[in-house]
Amino acid sequence: MLFALASCSDDDESMRGQTQWKEYKIAVMLPYADGMQERWQRLAEWACATLEEAQAGKEIGVKLSLEWYDESTVDIGQCAETLAAREDIAALIGPFYSADADIAARQLATKQLPLLTAASASELVRKYADTPKRKSNLWALTETDITQCEVMLSKALMYGAKRVSLIARPDIYGQTFIDWFAFQACEMGLEVGSVVEYDPDWLENDMEKLLRDKTDMILCVPSSPDDATTMAQVYRNYQDTGKPRLLFSDVARNAKFLDAGNNLTEGMEGISIAADPESGFKVAYEVRFGEEPTTCEAQMLDAFLLTGIAAYYKEIRGTESLNDALREVVAGHDDDTSPVWTPTALNLVLTYLDLGASPNVRGASGSLDFDAKVFTNVLYTTYAWWEIYEGKFITLDYNTSDGSKRTDASLAGWNWKKQQMQEVEDEGSFVYPERKGNYALVVAGSMGWANYRHQADALCIYQLLKDAGYDDDHIVLVLADDIARNDKNPEQGVVRVRPDGDNVYAGAQIDYRLGDLEPDDIVEILCGKKSGRLPQVIDATERDNILVFWSGHGSQGSLSWGGYDGFYVRHMRQLMKQLNEGNSRRYRKMLWLVEACYAGSIAEGGDGYPGVLYMTASSAYENSKADIYSPTLHTYMSNRFTATLEDELADNITVSLRDLYYKLFRNTVGSHVTIYNQKNFDNLFRCTLEEFTTPVK
Amino acid sequence: MKNCMKYLLWLPFLLLASCSDDDTPLVADEAERWEVMALFPESGLGDQGYNDNTLRGMEEAAKERTDISLTYFTPEEGEDVGEFFRALLYYELKENSHLLLVLAGSEYRDLARSLMADTSRYPDMDRKRVLLFESEAVEEPVYTFRILFDRASYQLGQLAAGRAAQAAVLLGNSADPNIGKAAQGFAEGFKAAGGEEPEIHALADTPAGFAMPSEAYSYAAKWADAHADARTFIYPLAGGSNQGVYRYTREYADRLWTAGVDVDQSRFSKAIIVSVVKHTDRIIKQFLMDWRDGKELPKHTDYDVESGMIEVVESK
């Protein structure tokens, strides 16, 4: 537009100047397979030409000099390490796939070198989100797949589905769907049928099994087009008139899936990431190249342009790094602009920047507005709903996560959206004998550096109990004890739950190593059955409260035990039965606080027993979520549910269990904190956390 | 363009800035420029139909005449864009620049007339043009064209009656006169060829009805259920909502016949036996190229079936 408007100068010639071009070397790592090399390169040429034309006549201009790598064949880690070490590389565009982006982002994080990608696994956002001590260097041009899962479920609702199931592979791509599916389904009022984590070698069996389950719709999340084809094959062969409808995730929108043969995929439908239809990108692309853009091409065009805009910003404002410039550019909210993939619109944005303004930059994919708290991924993505009809993909319509547009990233967005909280009644009269003492059992059920967070949390709870007045005779602490002195621990002997936290390992008296016990022993310990092998037990009476804190992995009906065995529902039943045998039970009140996936499923074993309450990080169908990723330790330091619990134990110990539940529910993103057996326990408005954490004086 | 007004507020500032003592060049002005500012209807772009086709024509013109520069907008619901376009007309153009404002929908008729009611206040009007889509001729200096939809719809009604005895017309926006005429044309053609009086159903009386595919699906299902004894016809005049009808016909392949509208939409369903194709891409492309090439532009054009710019295309 500026080209058309007159300048006020009497002499237009005087306004012309020789542009001083500054070159930015950008590494590009994208997959060349399946004819994509040509697509990426012509897209990059388009972006570079647009950028150059938009800067014509400006005093300072930037050009992108691209250095290409084939993501399909290059050693991602080695290449990214080399790029990070080079002084001349300003940014990396790509990799395209989540697993590769994770590897590359880790290498580039050390140098705060920006990485722009269309990868969308939620794990990436959690790992590389901004923290007070570290700025994110990951710039994902799509919302996370949490949103894709949400859009798929909204389609299920649109079809009138009541009961839905999911099949996904537990890799970095599928895990996002596994983590969020049940949570979101619950929020949308959908009943969860099954959540199947498939192994490609057993996919046919898993799919058949799922089809036998009576659900209305199956969300199919294949990790490759081949897996998608297998799913379709099993579906076609399955003879049942009432079989559910399938809805595929974006991986299935692939030529391989389309060309599976024998009309195998005819009629299949799904969701894929698209350009913002109002940007006009798709039409312009078709006119320019004579074919439709494929998944994420709009996002990758935006990656090139955004890099160019940030480079320009750095030049005119003198920003310290390109990463900082990116933060400034995407944080602009002064004014909306037209999509910047046309020279005129991009020129306007650059002129705004010249004038000190901060426009809201829009690209071919939509608004390039990033969450101002985490600066990791855009807040807006368009999803195309497609179907294969007559051997072709047809786009049926476009969807976004919500009509109002997000203001927070997907993870945070689901925080405020969560509303399926249980009702807690302020009623009930329960008679308990006077409390005499307290015991606690603290278990970290996993082992290994990758599970650092479970042991760290167990140690933190242990320390908080000690601070509240417990002595070691009344706490049984069980953990693998393999992180404090682990080779990967840069601070030997130190374990923390947050980067600036205290060393929770200091002074910890560990009663049992995980490997020295079996799940049956937990029953013995809680029942006070002391032996030569089990010298430290919970020797409680009907006048003693017991607190059990358990952190680890879980599956349906089981809490994992070091990855090999499990504390099953039958163990819980056996335990509760034994504790309640005889004339007097072996506890006054017992509170289980469980941080694990599918934690709610273990509570079933205690259902109906008096005086016991379970407060779990997740329902019986959900995964719980890790929290606070450390780029130094390369692992998570804590878990969502437990982090809030720790805060309450440290600062608000008199909180009622009802208020504790409320806080845990509100602060635990991605799963529903759930309470079980409330009606046989006590009035939660009157019973406090302190009853379990503070000895009687 | 969510906030046209905010956008507008920047324009004077931009111009003032270019007059500052610092001669920082803001624009390139060596070559002649042909700027097109197009305003699409709300919920327009992305419809895989009329509006996308219009944009395609613009892009093709810009591809062939590389000194044409395109910028386009779609307003959000309830957004007033008039002041923004008025401001554009108020600005002085460079000597070598030309500006064409394209109002790509009949809903902008009042806006066009009000903008151009008194052009004496605008500078450089010899190099500024305004084109309004789908309107009858107006007194103001606005270029207009109209695709006469009723005769093509009449032909389509006749074809439809060859397949079905009963039909329904689904309107996206009952307040749109062009759509009303098309519905009427279809009904007359359908009856003339022996069909019964069609049912007319509107999804909305605003442009919002062009983006209601679920409601369109529900209507198709309801209509088909009510006429389950024979295969009937639905003529969908509902823009993006037509996809709901097409989905229904894909899922229930033998219950309805239907038609594509604006572009050949036969790829969406085998039940689409015919499409009324409006070649807005050709119309706008020709207009832009003629404007760029300095040719005389017709003040108003009506495109009927004889023009070739609208045709009834049977599905292959």
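If we keep just the residues of segment B:260-275 that are closer than 14 Å to B:Asp47 by Cβ and more than 10 Å from chain A (Cβ to nearest Cβ), which is farthest from the chain's Cα centre (by Cα)?
B:Gly260
Of all residues in segment A:97-122, which are buried (at least 22 other Cβ atoms within 10 Å of the Cβ) and under 15 Å from the mean Cα position of the chain (by Cα)?
Listed by number, the residues that qualify are A:Ser98, A:Ala101, A:Ala119, A:Ser120, A:Ala121, A:Ser122.
Using the structure shown, decide if B:Ala253 is surrounded by fewer than 19 Cβ atoms within 10 Å (Cβ to Cβ), more than 20 Å from the chain's Cα centre (by Cα), assigned to a loop (DSSP other than H, G, I, E, B) and within 14 Å of chain A (Cβ to nearest Cβ).
The answer is yes for B:Ala253.
What's the number of the only condition in (1) surrounded by 21 or more Cβ atoms within 10 Å (Cβ to Cβ); (2) touching a helix residue (DSSP H, G or I) at 6+ places or on another chain (Cβ under 8 Å); (3) among the charged types (D, E, K, R) that A:Asp565 fails to meet?
It is condition (1) that A:Asp565 fails.
Please go through segment A:282-314 and give me each residue that is within 13 Å of chain B (Cβ to nearest Cβ) and part of a helix (DSSP H, G or I), ordered by number.
Once the filter is applied, which keeps residues that are within 13 Å of chain B (Cβ to nearest Cβ) and part of a helix (DSSP H, G or I), segment A:282-314 yields A:Lys282, A:Val283, A:Ala284, A:Tyr285, A:Glu286, A:Val287, A:Arg288, A:Phe289, A:Ala298.
Find all pairs meeting these conditions: Cβ atoms under 7 angstrom apart; at least six residues apart or on different chains; first residue within segment A:466-482 and more than 24 Å from A:Asp516 (Cα to Cα); second residue surrounded by fewer than 21 Cβ atoms within 10 Å (Cβ to Cβ).
Between residues of segment A:466-482 that are more than 24 Å from A:Asp516 (Cα to Cα) and residues that are surrounded by fewer than 21 Cβ atoms within 10 Å (Cβ to Cβ), the close pairs are A:Ala468/A:Ile653; A:Ala468/A:Thr694; A:Gly469/A:Thr694; A:Gly469/A:Pro695; A:Tyr470/A:Pro695.
Filter segment B:137-167 down to residues that are of a type in the set (Asp, Glu) and in contact with a Lys or Arg (Cβ under 6 Å, 6 or more places away or on another chain) and give me whichever is surrounded by the fewest Cβ atoms within 10 Å (Cβ to Cβ).
The selected residue is B:Glu140.
So which of A:Ala168, A:Ala121 ends up being modelled with pLDDT of 90 or more and outside the structural domain of A:Tyr636 (by TED's automatic domain parsing)?
A:Ala168
Please verify whether B:Thr280 is within 16 Å of the chain's Cα centre (by Cα) and either more than 14 Å from chain A (Cβ to nearest Cβ) or of a type in the set (A, V, I, L, M, F, W, C) (or both), treating the condition exactly as stated.
no
Mind telling me which of the residues B:Leu88, B:Leu45, B:Leu100 ends up being of a type in the set (A, V, I, L, M, F, W, C), facing chain A (nearest Cβ under 10 Å) and part of a strand (DSSP E or B)?
Every option except B:Leu100 fails the conditions.
Give A:Glu297, A:Glu269 a once-over and let me know the one that is at pLDDT 90 or above, charged (D, E, K, R) and buried (at least 24 other Cβ atoms within 10 Å of the Cβ).
A:Glu297
Here are some conditions: (1) surrounded by fewer than 17 Cβ atoms within 10 Å (Cβ to Cβ); (2) at pLDDT below 95; (3) of a type outside the set (Val, Ile, Thr). A:Asp88 meets all but one. Which one does it not meet?
(2)
What are the residue pairs meeting all of these: first residue in segment B:293-314, first residue exposed (fewer than 13 other Cβ atoms within 10 Å of the Cβ), second residue hydrophobic (A, V, I, L, M, F, W, C) and part of a loop (DSSP other than H, G, I, E, B), Cβ atoms under 7 Å, and 6 or more apart or on different chains?
So the pair list comes out as B:Lys299/B:Ala137.
I'm trying to understand the selection: among the residues of segment B:28-41, which are at the interface with another protein chain (Cβ under 10 Å from one of its Cβ atoms) and surrounded by 21 or more Cβ atoms within 10 Å (Cβ to Cβ)?
Passing the criteria: B:Asp29, B:Arg33, B:Trp34, B:Glu35, B:Val36, B:Met37, B:Ala38, B:Phe40.
Name the residue that is farthest from the chain's Cα centre (by Cα), counting only residues in segment A:53-82 that are under 26 Å from A:Trp341 (Cβ atoms) and part of a helix (DSSP H, G or I).
Going through the qualifying residues, I end up with A:Glu53.
Within segment B:268-290, take every residue that is touching a residue at least 24 places away in the same chain (Cβ under 8 Å), over 20 Å from B:Arg65 (Cα atoms) and not basic (Lys, Arg) and give me the one that is surrounded by the most Cβ atoms within 10 Å (Cβ to Cβ).
The qualifying residue surrounded by the most Cβ atoms within 10 Å (Cβ to Cβ) is B:Val276.
Between B:Gly260, B:Gly240, B:Gly244, which is in contact (Cβ under 8 Å) with a residue 12 or more places away in the chain, in contact with a Ser or Thr (Cβ under 8 Å, 6 or more places away or on another chain), over 23 Å from B:His279 (Cα atoms) and buried (at least 20 other Cβ atoms within 10 Å of the Cβ)?
Result: B:Gly244 is the single residue among B:Gly260, B:Gly240, B:Gly244 that is in contact (Cβ under 8 Å) with a residue 12 or more places away in the chain, in contact with a Ser or Thr (Cβ under 8 Å, 6 or more places away or on another chain), over 23 Å from B:His279 (Cα atoms) and buried (at least 20 other Cβ atoms within 10 Å of the Cβ).
Of the residues B:Glu95, B:Glu76, only one is within 11 Å of chain A (Cβ to nearest Cβ) and touching a residue at least 60 places away in the same chain (Cβ under 8 Å); which?
Matching residue, one of B:Glu95, B:Glu76: B:Glu76.
Every residue in segment A:235-260 that is under 20 Å from A:Leu210 (Cβ atoms), part of a helix (DSSP H, G or I) and of a type in the set (A, V, I, L, M, F, W, C), please.
A:Val251, A:Ala252, A:Phe257
Based on what the data block shows, is A:Leu613 modelled with pLDDT of 90 or more, outside any loop (DSSP other than H, G, I, E, B), assigned by TED's automatic domain parsing to the domain that holds A:Tyr452 and more than 28 Å from the chain's Cα centre (by Cα)?
Yes: the conditions hold for A:Leu613.
Considering (1) assigned to a loop (DSSP other than H, G, I, E, B); (2) within 14 Å of another protein chain (Cβ to nearest Cβ); (3) more than 17 Å from B:Phe149 (Cβ to Cβ); (4) modelled with pLDDT of 90 or more, say which one B:Ser218 fails and leave the rest.
Of everything listed in (1) assigned to a loop (DSSP other than H, G, I, E, B); (2) within 14 Å of another protein chain (Cβ to nearest Cβ); (3) more than 17 Å from B:Phe149 (Cβ to Cβ); (4) modelled with pLDDT of 90 or more, B:Ser218 misses just condition (1).
Out of segment A:28-60, which residues are more than 26 Å from A:Ala99 (Cα to Cα) and surrounded by fewer than 22 Cβ atoms within 10 Å (Cβ to Cβ)?
Listed by number, the residues that qualify are A:Glu45, A:Trp46, A:Cys48, A:Ala49, A:Glu52, A:Glu53, A:Ala56, A:Gly57, A:Glu59, A:Ile60.
The values are calculated or read from the model by the stated rules, or taken from the named source; none is laboratory data. Everything numeric here is computed off the predicted structure, so don't read it as measured data. Glycine gets a Cβ as well: all are built from the backbone with ideal geometry, and neighbour counts include every protein chain shown.
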